[in-house]
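Engineer: Have a look at the structure that comes next, please.
No value in this document is a laboratory result; all are computed from the given coordinates. Bear in mind that the values here come from a model prediction, so they are computed numbers and not experimental data. Please note: Cβ atoms are built from the backbone with ideal geometry, for glycine as well, and neighbour counts cover all protein chains shown.
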Amino acid sequence: MTSSARLASSPLEYLAPATLEQLLEVLSDLGPKAKVIAGGTDLVPAMRKGKLPPAVTTLISLRNLSLSYVRESAEGLRIGAATPHADVAASPLVRREAQLLATGSGAVGSVQIRNVATIGGNIANAGPSADTSAPLLALGAQLVVAGRHGRRTLPIREFYSGPSQNSLEPGEVVVEFLLPKLAPHTGTHYVKFSPRGFMDLAWVGVAVVATFDPAGRVCQDARIGLAAVNPFPMRAVKAEAVICGREVTGDLVTAMARAASEECNPNPRSRRVPAWYRREMVAVLTRRGFLEARRIATGVN
Amino acid sequence: MPSVTFKVNGMERTVAVETATTLLNVIRDDLGLTGTKQRCEGGDCGACTVIMDGRAVASCLVLAVEAAGKDIVTIEGLAKEGEPDPIQQAFIAKGAVQCGFCTPGMVMSAKALLRKNPHPTEAQVREAIVGNLCRCTGYAKIVEAVLEVSRRG
């Protein structure tokens, strides 16, 4: 007996459009009958669990659209939505310009998963603990979204509209991530805190992107992304406000960490991880991430 | 039913497949290559690991239609003219095989690693097999076997 009977309740069509225009036309024509497949590492297990919406008749593949790339541009780093995590993690450009994103992609699953799963799929699924979400939030990344109307760009903060919900309109697809250039003396750090350290979802994910004066005395800018502690990935804006533009002192870092801990909203009904524990770890990891970002930016310990 | 063409162990194969079929099922059921194992079907255990375009992948997560035009190597493709691959030899020599169920996947992950990084550290070997579960050996002999190949290589 083969497994194919379990992947879908009725035969599915499959299209692999050769151009973005063709993709958008098909998405527009088919509406809810179409489901986009990128790497497939979330979609295929979901299909096996019977979670493909009954309206879906056709899978639309991104495989021929050349959406796997990491390139420099005048505006910053551009990463194609269909770039596998392995490529993001190994990219010398990402490691140099946005190191915490390489860490985030590198923390996903296993070698086998990272070779196929894409950064676009990771974000578009809008999972609250996605490993690239907190880094992209802290980087202030923009998403480039394509639809029949043309292209639009939106900050990643505006992409999440609810638990596992994104703000894409019908017929739209994410095609690229744009990472703005970082100012000099900016350090980045991402910690994925999870019980096994691999092949699991984050219990807490904390991403910090912080800019300092060369002596590391003053924090000129700080952005903190949090994953797994809110219905969707979030920025800890209150924590950022505590330290932005201020001289870095032990008390202030503690206050910043405490603020992050208080503004997140871990699931109070989680049986796996008590909410109070996640809050505590947000404080610990925000402090740790911030100080590490400062060390990377300025050498100051 | 659409058909898909890809290279398997150096030979071009064309198979009629349903969209909702995995590469794993095509390899095992249509091509009769049962060395690649079917177990968790969730991308967790790694028993289904094959090398696709040079990368170790979980074939239970790859739809066969998505593998069109790709170059796939399964465990059956490692031995050259009946001579076991050095990795296979090292697994035997080091006692890294007990029930043998994880072994094809482990060997393929090791193969993919050593092709990119012929002299990995122990940490890199362990990282490479994070996605391959073994319930018998405790992993130590498997890691030793891979390091042995890199020492000799």
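Engineer: From the Cα gyration tensor of the range A:136-175, with a ≥ b ≥ c the square roots of its eigenvalues, which class applies: rounded if a/c is under 1.5, or else prolate if a/b is larger than b/c, or else oblate?
Structural biologist: Judged from the Cα gyration tensor, the range A:136-175 comes out oblate (a/c at least 1.5, b/c at or above a/b).
Engineer: What is the spin-label model distance, in nm, from B:Ala79 to B:Thr5 if the labels are put 7 Å beyond Cα along the C-beta direction?
Structural biologist: Simple spin-label model gives 3.0 nm for this pair.
Engineer: In the range A:270-301, which trypsin sites (Lys or Arg not before Pro) fall in coil by DSSP and have 15 or fewer other Cβ atoms within 10 Å?
Structural biologist: A:Arg271, A:Arg272
Engineer: I need the calculated FRET efficiency for the pair A:Ser9 and B:Thr14, taking r as the beta carbon distance and R₀ as 35 Å, to the nearest 0.05.
Structural biologist: After rounding, the FRET efficiency stands at 0.80.
Engineer: Also: The range A:161-215 to the range B:52-118: how many Å between their Cα centroids?
Structural biologist: Centre-to-centre (Cα) distance: 33 Å.
Engineer: Continuing with this model, one more query. For the charge dipole of the protein assembly as shown, defined by +1 on Lys and Arg C-beta atoms and -1 on Asp and Glu C-beta atoms about the Cα centroid, which residue among A:Gly289, B:Thr121, A:Leu43 has the Cα displaced farthest towards the positive pole?
Structural biologist: Of the listed residues, the answer is A:Gly289.
Engineer: Before rounding to the nearest 500, sum -39500 (n - 2.57) across all DSSP H runs of length at least 4 in chain A and divide by the residue total; then give [θ] at 222 nm in deg cm²/dmol.
Structural biologist: After summing the helix terms and dividing by residue count, I get -9500 deg cm²/dmol.
Engineer: In addition: Return one number: the angle in degrees, 0 to 90 and rounded to the nearest 10, between the long axis of the Cα atoms of helix B:140-152 and the longest principal axis of the Cα atoms of chain B.
Structural biologist: 90
Engineer: Relative to the Cα centre, what is the charge dipole magnitude of the protein assembly as shown, using +1 at the beta carbon of each Lys and Arg, -1 at the beta carbon of each Asp and Glu, and rounding to the nearest 20 debye?
Structural biologist: So the dipole magnitude of the protein assembly as shown works out to roughly 1000 debye.
Engineer: Still on this structure: With the contact rule set at Cα under 8 Å and sequence spacing of 6 or more, what percent relative contact order holds for chain A?
Structural biologist: 15
Engineer: Projecting each Cα onto the charge dipole of the protein assembly as shown (Lys/Arg +1, Asp/Glu -1 at the beta carbon, about the Cα centre), which of A:Leu62, A:Met234, B:Asn9 comes out farthest on the positive side?
Structural biologist: Sorting the options by dipole projection puts first A:Met234.
Engineer: Given contacts defined as C-alpha pairs under 8 Å and at least six residues apart, what's the relative contact order of the range A:51-172, whole-number percent?
Structural biologist: 17
Engineer: Enter the mean number of other protein chain beta carbons within 10 Å of the beta carbon of each residue in B:11-20, as an integer.
Structural biologist: What the average comes to for B:11-20 is 4.
Engineer: Where in chain A are the DSSP H helices whose C-alpha atoms run 27 Å or more along the long axis and whose mean Kyte hydropathy is at least -1.0? Please list the in-between numbers first.
Structural biologist: Values: long enough: A:275-298 (34 Å, -0.23).
Result, helices passing both filters: A:275-298.
Engineer: Okay, next question. Suppose R0 equals 56 Å. What FRET efficiency, 1/(1 + (r/R0)^6) with r the Cβ-Cβ distance, do B:Thr121 and A:Ser28 give to the nearest 0.05?
Structural biologist: Rounded to the nearest 0.05, the efficiency is 0.65.
Engineer: Same structure again: Percent relative contact order of the range B:1-127, based on C-alpha pairs within less than 8 angstrom and at least six residues apart?
Structural biologist: With pairs under 8 Å counted, the relative contact order is 27 percent.
Engineer: Given all pairs of different Cα atoms, what value in angstroms does the Kirkwood hydrodynamic radius of the range A:153-301 take?
Structural biologist: 16.2
Engineer: Hey, another quick one. By its C-alpha gyration tensor, with a ≥ b ≥ c as the square roots of the eigenvalues, how is the protein assembly as shown shaped: rounded for a/c under 1.5, else prolate for a/b larger than b/c, else oblate?
Structural biologist: It is oblate, given that a/c is not under 1.5 and a/b is not larger than b/c.
Engineer: Return the sequence-ordered ³J(HN,Hα) values of the range A:128-141 in whole Hz as given by the Karplus equation 6.51 cos²θ - 1.76 cosθ + 1.60 applied to θ = phi - 60°, using x for Gly and Pro.
Structural biologist: x, 10, 4, 6, 9, 6, 4, x, 5, 5, 5, 6, x, 5
Engineer: Which of rounded, prolate or oblate describes chain B when judged by the alpha-carbon gyration tensor and an a/c cut-off of 1.5?
Structural biologist: Judged from the Cα gyration tensor, chain B comes out prolate (a/c at least 1.5, a/b above b/c).
Engineer: Which order do the peptides A:127-138, A:71-82 take when ranked by the mean count of other beta-carbon atoms within 10 Å per residue, highest first?
Structural biologist: Output ranking for A:127-138, A:71-82: A:127-138, A:71-82.
Engineer: Any idea how far apart B:Thr34 and A:Asn265 come out in nm if each label point goes 7 Å out from Cα toward Cβ?
Structural biologist: Once both label points are built, they end up 5.3 nm from each other.
Engineer: Here's something else I'd like to know. In terms of modelled amide H atoms, which long-range or inter-chain residues lie less than 5 Å from the amide H of B:Thr36?
Structural biologist: Here the answer is B:Ile75, since their amide H atoms fall under 5 Å of that of B:Thr36.
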